[in-house]
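See structure below.
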Amino acid sequence: MNTSSSKGLLKAILKKWDIYLFIAPFFILYTVFMLFPIVHSFWMSLHWWDGLSEPRFIGVDNYRKLISEPLFLTSLKNTAFIFVVGVPIMVAIAVVLGVLLNRPVVFRKFFRTVFFMPVVVSLVVVAVMFILMYDFRYGVFNYILEFLGLDPVPWITSPDVSKLSIILLMIWRWSGYNMVIVLAGLQNISPEYYEAARIDGAGAFTVFWRITLPLLKPILLFIFILSTIGTFQMFAEPYILTKGGPMQSTYTIVMYLYREGFQFFNLGYASAVAYVLVVIIGVLTILQLKFSGDNAF
């Protein structure tokens, strides 16, 4: 029975060889460019290797070094601060914009386009623009503060303020993108829910709190997960804006990974940093799923 079943399966595969031939390039490319780098990166994380000499197996020493490396801990703290402060504000702004621009307001399409535009603009252009606006003497932000009778702020030269400057850039760039996702979720909510609420005499805030937000929960969860991944992978914004300074106050995990891998060529150690980053993002994602009541975990 087993032999005949195996022969039958082989014949079925051979009859449909053309189908497998068509999908083979995908699996080959996926293996070469996705699976192999993932496995090889983990192998590298267990070795000392500079890319030129013979790799030397050191076990989990790279991971031990991580938890005692001051600069890594600083970069982790900085990234966590940007995540904790920036992401909730960014999502809240996206929800407010989505709710407002889901209504039949004047120039609705124009405002949707304007708020979405920042994510389309090159990040290098955005960073240079913010450098000019953050300038202590001639920047537009300090001009507004001085016009209001307030003291100018050293936006990118003060360790206490520089992280907030990165957060402002992140919020400006990504709130419109998240707004579009919120709009898609709002347009999938049946108008019957709102009609029933109006009949019951519910006010605008009650409708938003009791109907809109609960029905948007899957969309908000999706945005939070995307924002978590994006924030912990943040590199270009602080690299162009502050180079990780001043005093490493805007140094992120990916900047640390870049430093170890492409400046010092500690490829094994950089691979360990990458795997720790994956674990952090994975744990935060699982926590968000659990907190949202998702039954996947």
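Can you tell me which residue in the range 111-167 is surrounded by the most Cβ atoms within 10 Å (Cβ to Cβ), limited to those that are under 23 Å from Ile89 (Cβ atoms), modelled with pLDDT of 90 or more and charged (D, E, K, R)?
Here the residue is Lys163.
Of all the residues that make up the range 38-87, how many are within 17 Å of Ile281 (Cβ to Cβ) and either loosely packed, with under 11 Cβ neighbours inside 10 Å or of a type outside the set (Lys, Arg) (or both)?
18
It is to be established whether one or more residues within the range 188-195 are surrounded by 14 or more Cβ atoms within 10 Å (Cβ to Cβ), over 30 Å from Val128 (Cβ atoms), of a type in the set (Gly, Ala, Ser) and assigned by TED's automatic domain parsing to the domain that holds Met90.
Within the range 188-195, not a single residue is surrounded by 14 or more Cβ atoms within 10 Å (Cβ to Cβ), over 30 Å from Val128 (Cβ atoms), of a type in the set (Gly, Ala, Ser) and assigned by TED's automatic domain parsing to the domain that holds Met90.
Evaluate the range 131-150: report whether one residue or more is within 24 Å of Thr285 (Cα to Cα) and part of a helix (DSSP H, G or I).
No, every residue in the range 131-150 fails to be within 24 Å of Thr285 (Cα to Cα) and part of a helix (DSSP H, G or I).
Looking at Leu145, Leu150, Leu169, can you tell me which residue is of a type in the set (A, V, I, L, M), assigned by TED's automatic domain parsing to the domain that holds Arg112 and touching a Phe, Trp or Tyr at 6+ places or on another chain (Cβ under 7 Å)?
When all the criteria are applied, what remains is Leu169.
Name the single residue, out of those in the range 90-130 being in a loop (DSSP other than H, G, I, E, B) and within 22 Å of the chain's Cα centre (by Cα), that is nearest to Phe224 (Cα to Cα).
For the range 90-130, the residue satisfying everything is Val120.
In this structure, is Val85 at pLDDT 90 or above and assigned by TED's automatic domain parsing to the domain that holds Trp174?
Against the criterion (at pLDDT 90 or above and assigned by TED's automatic domain parsing to the domain that holds Trp174), Val85 qualifies.
I need a count of the residues in the range 232-260 that are in a helix (DSSP H, G or I) and surrounded by 19 or more Cβ atoms within 10 Å (Cβ to Cβ).
Qualifying residue count, the range 232-260: 10.
The values are calculated or read from the model by the stated rules, or taken from the named source; none is laboratory data. All figures in this text were calculated on a predicted structure; none of them were measured in a lab. Because the Cβ atoms are built from the backbone with ideal geometry, glycine has one as well, and the counts that use them run over all protein chains shown.
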